[in-house]
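Heads up: the structure comes next, in structure tokens.
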Amino acid sequence: MPNLRRSLLYMPGTDWRKIEKAATELDADSVCLDLEDGVALNAKAEARETIARALQTLDFRRSEKLVRINPIDSDFASADLAATLPAHPDGIVLPKVRDAAQVEWLHEHLSAAEDRYGWPRGSTILILIIESARGIVELDAIVKASPRIAALVFGAEDFAGDIGAVRTRDAFEVLYARSKVVTYAKARGMQAIDIVYADFRDPEGFSAESRQGMMMGYTGKQLIHPNQIPLIHAVYMPTDAEIAHARRVVEAHHAHQASGTGAFALDGKMVDMPVVKQAELVLQRAGETIHAER
Ligand code: COA
Ligand code: MG
């Protein structure tokens, strides 16, 4: 299971070809087999069976195996869990999270399943999708509701629909919520996974939006098409020039610290502790990326 979740690729739980392709040919950090909005209402049962079979029979190599169930307050969530948990996914993605009680319920449900199947307590991770006004307002309680939460996902389409906003390309209408999700995730040491870019034939637009999310603090992005995997990995891989500059900053910092200087100048710009931390983040990102893809 990866430390990184730069790429979280969805596919409909009914689509064996796409699931098999994700397992055997693609290189997403996380593969998310969907039972929710990518699956028609009359195909939920079929999707559950397909997902269970895929988890039992396919080798997903280095990709994390996730199942997105239907919301806790839908008619489907219990049956989704009953059908797919025995096939032992690495984690559950919970959409349309409204309050802490929903997360607490799922946490207990997972603990019971772990006891039943003899899996280590707490080993099944949770990823929560925040995509409603209620979810945003309740975030403080939601992030404290379970120690299993590894990441928060922001869902811009559902959120915009919920508040009656119009989605635009530069996403200004979701800026507050998108910032709030990443802030609450980071406050608890969780990862933050950014919005979907639906136009999968527009690599420039995808990369621009991905860079924007990365600059906001997001550690990964939801993906809907294989084309998007190498693009997002490239966004999170610092360039050689960025790595070289970061090394210079860190080395100069150590030299100045040894001679008793805090802030100093490098190439006509001030370097102090926050700048050094940014440089260390660049080096950490480069190291993690190389490690994950080995
Ligand atoms: N996961 C895995 N493989 C995928 C994929 C996905 N999400 N999307 C496309 N592919 C595969 C196709 O099977 C095809 O491979 P193949 O020719 O070897 O079989 C290849 O990538 C090219 O696909 P393409 O023809 O460009 O796309 P499409 O028309 O088949 O599908 C979508 C387009 C949007 C329907 C599809 O990308 C998709 O289902 N995305 C995920 C939708 C989803 O899960 N939504 C809910 C969460 S937001
Ligand atoms: Mg959604």
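Details
- Environment charge at G122 (Cβ cut-off 10 Å; Lys +1, Arg +1, Asp -1, Glu -1): +1
- Gyration tensor (alpha-carbon) shape descriptor, segment 240-285, a/c threshold 1.5: prolate
- Estimated vicinal HN-Hα couplings, Hz - segment 23-29 in sequence order (Karplus 6.51, -1.76, 1.60; Gly, Pro = x): 6, 9, 10, 9, 9, 6, 4
- Estimated inter-spin distance, D75 and Q284, nm [label 7 Å along Cα→Cβ]: 4.7
- Among residues other than H109 with Cβ under 15 Å from its Cβ, the summed charge is -3 (Lys and Arg +1, Asp and Glu -1).
- Estimated 222 nm signal from helices in the chain, with DSSP H stretches of n ≥ 4 weighted -39500 (n - 2.57), rounded to 500: -15000 deg cm²/dmol
- In terms of surrounding Cβ atoms within a 10 Å radius of their Cβ, F154, F60 rank from fewest to most as F60, F154.
- Close amide H partners of L266, meaning residues 5 or more places away or on another chain with modelled amide H under 5 Å apart, are V271.
- Most mobile listed residue (G155, G38, G260) in the chain, GNM with C-alpha springs under 10 Å: G260
- Amide H within-cut-off set for E64, under 5 Å, with H built and near neighbours excluded: S30, V31
- Along segment 159-173 the Karplus relation, 6.51 cos²θ - 1.76 cosθ + 1.60 evaluated at θ = phi - 60°, assigns HN-Hα couplings of 4, 4, x, 5, 9, x, 8, 9, 6, 10, 5, 8, 6, 5, 5 Hz to successive residues, with x for each Gly and Pro.
- Cα shape, segment 7-236, gyration tensor, a/c 1.5 rule: oblate
- Estimated from the Cβ-Cβ distance and a Förster radius of 25 angstrom, the FRET efficiency linking A101 and R121 is about 0.75.
- Under the simplified labelling scheme, the M215-S179 pair shows an inter-label distance of 1.4 nm, with each label point 7 Å from Cα along Cα→Cβ.
- Counting only DSSP beta bridges with both residues in the chain, the antiparallel share comes to about 10 percent.
- Taking θ as phi - 60° and the Karplus parameters 6.51, -1.76 and 1.60, the scalar couplings of segment 234-247 work out to 5, 4, 8, 9, x, 6, 4, 5, 5, 5, 4, 5, 4, 4 Hz in sequence order, x denoting glycine and proline.
- Placed amide H near L94: partners under 5 Å, 5+ positions off or other chain: I127, L128, I129
- Gap separating the Cα centres of segment 158-183 and segment 1-38, nearest whole Å: 25
- Summary value for segment 7-236: 17 percent relative contact order, contacts being C-alpha pairs under 8 angstrom separated by 6+ residues.
- Charge sum, other residues only, whose C-beta stays under 12 Å from D29's C-beta, Lys/Arg counted +1 and Asp/Glu -1: +1
Computed from the coordinates by the stated procedures, all read-outs in this text should not be read as laboratory data. Since the model is a prediction, treat every value here as computed from it, not as a measurement. Note that each Cβ is placed from the backbone with ideal geometry, even for glycine, and that neighbours are counted across all protein chains shown.
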